[in-house]
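Read through the structure below, which is laid out as C-alpha cells, and then see the notes.
The values are calculated or read from the model by the stated rules, or taken from the named source; none is laboratory data. Quantities reported herein were computed from a predicted structural model and do not represent experimental measurements. Cβ coordinates were reconstructed from backbone atoms using ideal geometry, including for glycine residues, and neighbour counts include every protein chain displayed.
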Amino acid sequence: MNRLLTIAVADTSVIIRNGLVSLLRHLNGIRVQIIDIATADSLHEILTLHKPDILIVNPLLIGYFSLQQMKETCKCLNMKCIALVSTIMDQLLLRQYDEQISLYDTSEDLYKKIERLQALSIEVTVSEEQQSLSAREKEIVICVVKGMTNREIADKLFLSTHTVITHRRNIARKLQIRSASGLTVYAIVNKLVELNDVNL
Amino acid sequence: MYKSGKYRETDKMSDLICDNYPMVLVLNRFGIDLGFGEQSIKDVCLLYDVNLCTFLTVVNFLVEKVSNPVMNIEQDFSLEALISYLHNAHAYFIDFRLPHLREKLVGAIEGCPEDVRIVIIKFFDEYSSEVYKHMSYEETTVFPYVRELLKGDRNSKYSISIFSKRHDQIEMKIVELKNLLIKYYPGPGNHLLNSVLFDLFATEEDLVSHSHVEDFLFIPAIRELEKRGVKI
C-alpha cells in the first residue's frame, strides 16, 4: 500500500481543490503526489506530461467529451477517473467514470474509493517494486562498480546490451541509486565486492 | 510577488524569520545580520542597503513554495541584487555547507569498516566537485553574461536558454547518499550520524529551493530582459 500514487485534481475552484488536496495528503496508508489542475485548457497538457494514476475531475470541465478519447490522446490509458460531483448531474455524463466523489463524502469514504481504484490498477506492480536485487542484478552491480561498460558487461554475461540497460534501469528503480559511485557504496556495504576490485 | 505576496514591507523582520526559519539563510545571502530588534522588513532593508523589492520577491517566492515561472516581476526588482544573492548562496554551499558536512560525516562514520568509510567519503567528494562545477559555471559564464546584458551589451553569442537547458538537478546525488545511509549503513547508530542525516535532508531542501529561485525567478527575468533589451 505504500507505493507513491500520483493523483491529479482538476476543478476550477481553488477552495475545492485545496480542500480535497489537503484531505488526500492526510489519508493514512496512501502516499500521494498531487498535481493541481485549475483550468480545462491545461488539462490535456498536464495529463500528457505527468500521466497520473488517478484523475479526480469536475465533470463539467470535461463536458460530453469522451474520457476514453482523452486518455488516448494523453497516452494515459491506465489512468482511473473519478468524478468530483458538486451539483445535480446528468447520470449519462457520470457513467463513463470509474468512481464518484461527492462534496459531502467523509475522509473514510474518500479512502475506500481510492483504495478500491488503487487495488484495481496497481496490484501487479506493488510486490515487484519492493523486491531486493535478483542474483542477476547483483552480478551487474558488481560489473558496474568494477568500471565495466555496458558492452563489456553484456559480453561477459552473454546478454545483449539492451538487456543490460534494462537491468540497470531496474536496479536504479529498486535501490534509488543511479550513480556508479553510489552503487560502489552499496556493493561494498553489502559485501558484493572487495575494495581492491573497485574502480576508484 | 512583492506587493501581493504573503509578507509585506511593514511586517516585522523577526516575525518573518520566526515563522520560516530557513529564511535565516536568505538574510545571510542578502548580507543582513541578526539583531534587528523590532524593525520592519523595510527598515532593515534600508539599514543594510538591500533592494526591498528583490528581498521581498525572493522571500515570498520561497515562503509560498512557488514552482512555476514568475512572470509578473515588478519594476523595482533588481537583477544585480538577485545575482549577488545567488553568488552568496553559492559561496555558502561551497565554502561552508559542504566542507562542514564532510567533516561531520567523517566523524560520524568512524565506527565503520575502513572500506565502507573510503567509498562513502569518495562518494561525498565526487558530489562536492559536481556541485562546485555546477555553480562555477553559473559564476563564470551566466552571471557575466547577465551583467553585460544589464549594461546594454547584447553582442554576446550566449543566451539564457542555453543555461536553462543545461541546468541540471544538483540535489539528486545527495538523495542517494541519504538513501545509502538510511538503508545500508552498517555501523552502530550514533548521534552525530543522525545529525548528518538531518543536515542532508536540510541541504537537499536548500538546494532544491536554490534551483527553484534560478529556474523560476532568475531565468524568466533574464528572458524578459533579453526580449526587451533594456534594464529591468
Does any residue in the stretch A:81-107 that is of a type in the set (G, A, S) come within less than 6 Å, Cβ to Cβ, of a residue that is assigned to a strand (DSSP E or B) six or more places away or on a different chain, and which pairs are these? A:A83/A:Q100; A:S102/A:V85
Among the candidates B:V50, B:V66, B:V26, which residue alone is modelled with pLDDT of 95 or more, outside the structural domain of B:E204 (by TED's automatic domain parsing), crowded, with 16+ Cβ neighbours inside 10 Å and in a loop (DSSP other than H, G, I, E, B)? B:V50
Residue among A:I62, A:I114 that is among the β-branched types (V, I, T) and under 19 Å from A:T12 (Cβ atoms): A:I62
With criteria (1) of a type in the set (D, E, K, R); (2) surrounded by fewer than 16 Cβ atoms within 10 Å (Cβ to Cβ); (3) within 14 Å of chain A (Cβ to nearest Cβ); (4) in a helix (DSSP H, G or I), B:K178 comes up short on (2)
Which listed residue, of B:G187, B:G152, is on the phi > 0 side of the Ramachandran plot and either in contact (Cβ under 8 Å) with a residue 12 or more places away in the chain or surrounded by 18 or more Cβ atoms within 10 Å (Cβ to Cβ) (or both): B:G152
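A quick yes/no check of all residues on (1) part of a loop (DSSP other than H, G, I, E, B); (2) over 22 Å from A:R95 (Cβ atoms); (3) in the same structural domain as A:D90 (by TED's automatic domain parsing):
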site: A:A8; (1), (2), (3): no, no, yes
site: A:L24; (1), (2), (3): no, yes, yes
site: A:L27; (1), (2), (3): yes, yes, yes
site: A:Q33; (1), (2), (3): no, yes, yes
site: A:L43; (1), (2), (3): no, no, yes
site: A:I46; (1), (2), (3): no, yes, yes
site: A:P52; (1), (2), (3): yes, no, yes
site: A:L61; (1), (2), (3): no, no, yes
A:L195, sole failed condition from (1) of a type in the set (A, V, I, L, M, F, W, C); (2) buried (at least 18 other Cβ atoms within 10 Å of the Cβ); (3) modelled with pLDDT under 90; (4) more than 23 Å from the chain's Cα centre (by Cα): (2)
Taking the stretch A:130-189 as the search range and keeping residues that are small (G, A, S) and in a loop (DSSP other than H, G, I, E, B), which one is nearest to the other protein chains (Cβ to nearest Cβ)? A:S179
Given the conditions (1) in contact with a helix residue (DSSP H, G or I) (Cβ under 8 Å, 6 or more places away or on another chain); (2) in a helix (DSSP H, G or I), which single one is not true for B:P144? (1)
Top-ranked residue in the stretch B:183-195 [being part of a helix (DSSP H, G or I) and at the interface with chain A (Cβ under 10 Å from one of its Cβ atoms); ranked as nearest to B:E205 (Cα to Cα)]: B:K183
Does B:C45 qualify as being under 20 Å from the mean Cα position of the chain (by Cα) and surrounded by 19 or more Cβ atoms within 10 Å (Cβ to Cβ)? yes
Against the condition at pLDDT below 95 and either in the same structural domain as B:A91 (by TED's automatic domain parsing) or charged (D, E, K, R) (or both), how does B:D43 come out, does it pass? no
What do you reckon, is B:I73 within 14 Å of another protein chain (Cβ to nearest Cβ) and either of a type in the set (V, I, T) or out of contact with any helix residue (DSSP H, G or I) (no Cβ under 6 Å at 6 or more places or on another chain) (or both)? no
Using the structure shown, decide if B:F163 is in contact with a helix residue (DSSP H, G or I) (Cβ under 7 Å, 6 or more places away or on another chain) and aromatic (F, W, Y). yes
